[in-house]
Every structure is written in C-alpha cells, then in structure tokens.
Amino acid sequence: MNYRSSLLVLLIVVVFVPRVAAADEVDPYVAKSRALVATFGSQLQAELKQSLGEGGPVAAIAVCKDRAPQIASALSRSGGVKLRRTSLRYRNPLNAPEPWEARVLRAFEEQRHESPAMPLEYLSRLEDGTIRYMSAIKTGPVCLVCHGDNLVDEISEQLDADYPHDRARGYAQGDIRGAFSVTWSSTNARSQ
C-alpha cells in the first residue's frame, strides 16, 4: 500500500475518541490535548465574556481577532505544540485548515448528522511520530451574535472592516463552527 492509500485509509477510519472512557484508558495525548483545548477555550471565553460586558459584541470581535491568536501562541509555546482554531468557513485566512484538518472537519460534519449528541474528536499518529488531535467547536447561542444569519448592522460593518473575505456567517445553533487543532511534532511527542 502506498503513502496516499495509507493516508486515505487513515482518513476514512477517523478515530472519534469517546469521552466516557475511564481516565486510565484514555490515550495520554488525548488527555494532554483536551487539557490544552480546555485551557484555550476557558481563557478565550473569559475574555469574550468580559469584553461583551464592557463593550458589547463589537468589542468581542477584537478578542477573537487579536487575543485568540495570542492565547493560542502562548499555549503552543508552553505546551510544545501547535495549537490553533480552524474552520472550513474561516473568518481569518490564517485560520484556513490544512488539508488533513479539512478532511477531519468534513468527517465531523458527517458524524454530527449521524450522531448529533456525540462529542467529536480525532486523534492520529503519523509514521514519523507526529500526533494530531482535533476537537469540534459547535455553534452555541452566543456565537450567533457574530456568526449567525441576522447580524445587526454595527456587527456586520465591523466584521466587514476586520475581515473583508469573511466566510464565517450564516451558522445555526449546533452547526460545526470549526475545531481546535493540536499538533505534537515528532520531536515533542518523543520527549513527552
């Protein structure tokens, strides 16, 4: 089997990691990745909540635009990983998915329709020792303020100014908004 065939088989058999396994049964990289994603999500959510309270949704746009990449960068450095958010319908071109991430995001979409309540995660180990993890981000009610169909003019204008090629509108609650992506390089994976 050649490299492309191996990759295709790997992608067809996407590993969706159940969250109900006992702690000692969870792959250590799943646990470490979940912890990084939880930290990223909680830090971002706290800053979004604060900016929403102080300046409303327009102020929150700046948090996603400026602070989210900074938080991801700090956690990437401290964790020895590449941590980021990505989406098929990204707002910032820097968040465009890599080909493997795009395949996983499409698989998440399919799985969401088959099992809507199931948490969506992915883990793969490449032959070179690189470990890849993704966790889906579902669209919640507060996300719709900036990512929904009926945006108020002030928000649309700010998004148009900050993101002239925005693809991240028109979501409904429960849609896969994107995913957190964690890549452990083969060097860092071996040293952990």
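The values are calculated or read from the model by the stated rules, or taken from the named source; none is laboratory data. These numbers were taken from a predicted model, which means no experiment stands behind them. Using ideal geometry, Cβ is built from the backbone for each residue, glycine included, and neighbour counts are taken over all protein chains shown. With ligands, DNA and RNA removed, areas are computed over all heavy atoms of the protein, side chains included. Shrake-Rupley method; radii C 1.70, N 1.55, O 1.52, S 1.80 Å.
Quick notes on this structure:
- Tally of residues being free of Cβ contacts under 8 Å to residues at least 12 places away in the same chain and either open to solvent by 70 Å² or more (accessible area, probe 1.4 Å) or in contact with a His (Cβ under 9 Å, 6 or more places away or on another chain) (or both) across segment 54-65: 1
- Extreme residue, most open to solvent (accessible area, probe 1.4 Å), among residues of segment 155-175 that are in contact with a helix residue (DSSP H, G or I) (Cβ under 6 Å, 6 or more places away or on another chain) and not in a loop (DSSP other than H, G, I, E, B): Gln158
- Where Leu48 falls short, out of the listed (1) open to solvent by 20 Å² or more (accessible area, probe 1.4 Å); (2) under 28 Å from Asp27 (Cβ atoms): (2)
- Cβ separations smaller than 8 Å between residues 6+ apart or across chains give the following pairs from segment 31-45 residues that are without any contact (Cβ under 8 Å) to a residue 12 or more places away in the chain to residues that are open to solvent by 60 Å² or more (accessible area, probe 1.4 Å) and in a helix (DSSP H, G or I): Ala31/Ala23.
- From the list Arg112, Arg132, Arg77, Arg84, the one residue that fits, being part of a helix (DSSP H, G or I) and within 28 Å of Ser185 (Cβ to Cβ), is Arg77.
- Filter result for the condition that a residue is under 24 Å from Val30 (Cβ atoms) and either touching a Gly at 6+ places or on another chain (Cβ under 6 Å) or not small (Gly, Ala, Ser) (or both), over Arg77, Arg67: Arg77
- Among the residues of segment 71-95, those that are of a type outside the set (D, E, K, R), farther than 13 Å from Ala168 by Cα and touching a residue at least 24 places away in the same chain (Cβ under 8 Å) comprise Ile71, Ala72, Leu75, Gly79, Gly80, Val81, Leu83, Leu94.
- Tally of residues being in contact with a strand residue (DSSP E or B) (Cβ under 7 Å, 6 or more places away or on another chain), under 15 Å from Ala179 (Cα atoms) and either hydrophobic (A, V, I, L, M, F, W, C) or open to solvent by 30 Å² or more (accessible area, probe 1.4 Å) (or both) across segment 108-148: 11
- Annotation note: Cβ proximity below 6 Å between a residue of segment 96-107 that is surrounded by fewer than 19 Cβ atoms within 10 Å (Cβ to Cβ) and a residue that is part of a helix (DSSP H, G or I) (sequence gap 6+ or interchain) occurs for Arg103/Leu11.
- Looking across segment 39-58, the residues that are of a type in the set (A, V, I, L, M) and touching a Lys or Arg at 6+ places or on another chain (Cβ under 9 Å) come down to Leu44, Leu48.
- Flag: Asp175 matches the condition of being farther than 23 Å from Leu75 by Cβ, in contact with a strand residue (DSSP E or B) (Cβ under 9 Å, 6 or more places away or on another chain) and modelled with pLDDT of 90 or more.
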